[in-house]
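Step one of this worksheet: look at the structure below.
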Amino acid sequence: MPAEPIVPFHTYLWKIASRCNLNCTYCYVYNRGDSRWRRQPKFMTDEVAYQTATRMREHCEAHEKESASIIFHGGEPLLGGLDHLMRLAGIIAEVFADSETKLTVGMQSNGLLFTPEIGDFMRRAGISVGVSIDGPPEVNDRNRVDHAGRGSSNELERRLRLLTEEPYREVFDGFLCVIDPTTDPVRTTDYLLGFDPPGIDFLLPLDNHDRRPPGKEDDLDAAPYGDWLVRAFDRWIETGTQTRVRIFNSIIGLLCGRASLVESLGLEAIDLVVVETNGEIEAVDSLKAVFEGASELGYNVFDHPFDLVARHAGVKARQLGVDSLAQACRECPVVDLCGGGYLPHRYSAERGFDNPSVYSSDLKRLITHIAETIQRELAAVPA
Amino acid sequence: MASERVNALNELDLTKLTLEDIRGLKNPVLREALERVLGDPGDAVASHQNTTSSHSRHSNHNTSSAQLFELEFAERLGSLPGRAPIDPPRPQMD
């Protein structure tokens, strides 16, 4: 019997460090439902990196992939310093030296360990970096604190001045910003745009039906995150900036019938996979925020090819489109756009993932606002 | 009210928009965002990837602007002092 067709992976999130120099209050790795980081090696070894890259190449070639993407992630991926980064990049380059598959390699970092030496290497190797930041210091330091509880903004601003100026600007991808609905979205948007980033994304916190997001504890129909995003969207289009905001650009694309730019929106099959520092393979590492072991598939790069991983029910569940969603989502007029929301946001102990996103009302609020704004602007175009 | 607005979304079909429709849009951010979507063949994301790829929520790696990873530097790295030899992969068990 022929093997069932699979959706090959495109994006490989490499957890190259399992520890972090920050201790952000909302971190899904350290401060939510999962403590398995304690038994992970601190850093991805050469052996794991070699085997991961080899498995990747095998999978890319089997599916004639013209391109693939690696994201260095953590913990804090720069915690191993320049030497660790160079070794991993060297291994990838060796394994893919004569491959037909073209790679992009990026990194998501807290930015605090970025140095000119690291920047010089990233420029040479063609590795880019996105930085996590929640807004101006008074916002960022609420949650993005070190292990002594001290804010990180002073040091981050110093590193950002380096990263966002020449000659390192070419390796700067932009910002990820977790939303705090009690803050001023206009001030946060303006502050982030002040660095002229190529891109920003605003993230909904990793909460769910059992641990409701701040501001929605008593009323899931309330939409404080939607309201925040609406104001940020209005500010974004008001500024005339060239910076892309991924959640907004994704919704605009989805409204026009195109694909989403991010896994947390839309109904496209997910082709993303995560490799931990010890070589274990996961489908959605942020499921760690839900309960202990929620992200485990039972596979690792030494014993299992990515083709096998792609056939795992936990992976395929994210490729079933609308059929995998809760009944309420299937009947919702915006389901093609929000896609039921991000998987960890749907969880409850009672019903598993058979729920709408805990941010359903927020997503509806934002999607409707963007659609109405486009409609209004189109109506104002002279015939 | 909210459900009426959501239902009204069904009436608003933007999937048939063309570049011609948005040419006169006054807002440059919206116009640029729509141009990128509607002018798909020139979109670096689309031309760079041979699949519709899902991007990690937990990274902001912009593949539309990112340069390709430079494979040629592997040899130069190989001569760096202190670089340990790469262990061969373990035999496949499955």
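Here, each number is a calculation from the coordinates, and none is a lab measurement. Everything numeric in this text was worked out from a predicted model, so none of it was measured. Methodologically, a virtual Cβ is constructed for each residue, glycine included, from the backbone with ideal geometry; neighbour enumeration extends over all protein chains shown.
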Next item on the list: Let me have the 222 nm mean residue ellipticity of the protein assembly as shown computed from DSSP H runs of 4+ only, each contributing -39500 (n - 2.57), with the sum over all residues rounded to the nearest 500.
Entry: -10000 deg cm²/dmol
Check: Of A:216/A:316; A:42/A:288; A:216/B:26; A:102/A:364; A:15/A:65; A:316/B:16, which ones are farther than 27 Å apart at the Cα?
Finding: A:216/A:316; A:216/B:26; A:102/A:364; A:316/B:16
Margin query: Given a 10 angstrom Cα cut-off, can you work out which residue in A:369, A:312, A:147 is the most mobile in a GNM of chain A?
Written below: A:147
Next item on the list: Report, in debye and to the nearest 20, how large the dipole of segment A:84-138 comes out about its Cα centre when Lys and Arg carry +1 and Asp and Glu carry -1 on their Cβ.
Entry: 120 debye
Notebook entry, point to check: Relative to the Cα centre, what is the charge dipole magnitude of chain A, using +1 at the beta carbon of each Lys and Arg, -1 at the beta carbon of each Asp and Glu, and rounding to the nearest 20 debye?
Noted result: 340 debye
Notebook entry, point to check: What is the Cα coordinate range of chain A on the first, second and third principal axes, sorted by size from largest, in whole angstrom?
Noted result: 57, 55, 49
Next item on the list: Taking Cβ-Cβ under 4.7 Å as the only way to count a partner, pick out the unpartnered cysteines of chain A.
Entry: A:20, A:60, A:177, A:256, A:329, A:332, A:338
Check: Which shape class, rounded, prolate or oblate, goes with segment A:5-49 when its Cα gyration tensor gives a ≥ b ≥ c as root eigenvalues, a/c under 1.5 marks rounded, and past that a/b bigger than b/c marks prolate?
Finding: oblate
Next item on the list: Pairs of Cα atoms under 8 Å, at least six residues apart: use those to get the relative contact order of segment A:23-150, whole percent.
Entry: 30 percent
Note to self: Under a Cβ-only charge scheme (Lys and Arg +1, Asp and Glu -1), can you give me the dipole magnitude of segment A:1-97 about the Cα centre, in debye to the nearest 20?
What the structure shows: 600 debye
Next item on the list: Using Cα centres only, tell me the gap between segment A:1-75 and segment A:274-294 in whole Å.
Entry: 9 Å
Notebook entry, point to check: Which is farthest toward the positive dipole end of the protein assembly as shown among A:309, A:269, A:82, measuring Cα position about the Cα centre, with Cβ charges +1 (Lys, Arg) and -1 (Asp, Glu)?
Noted result: A:82
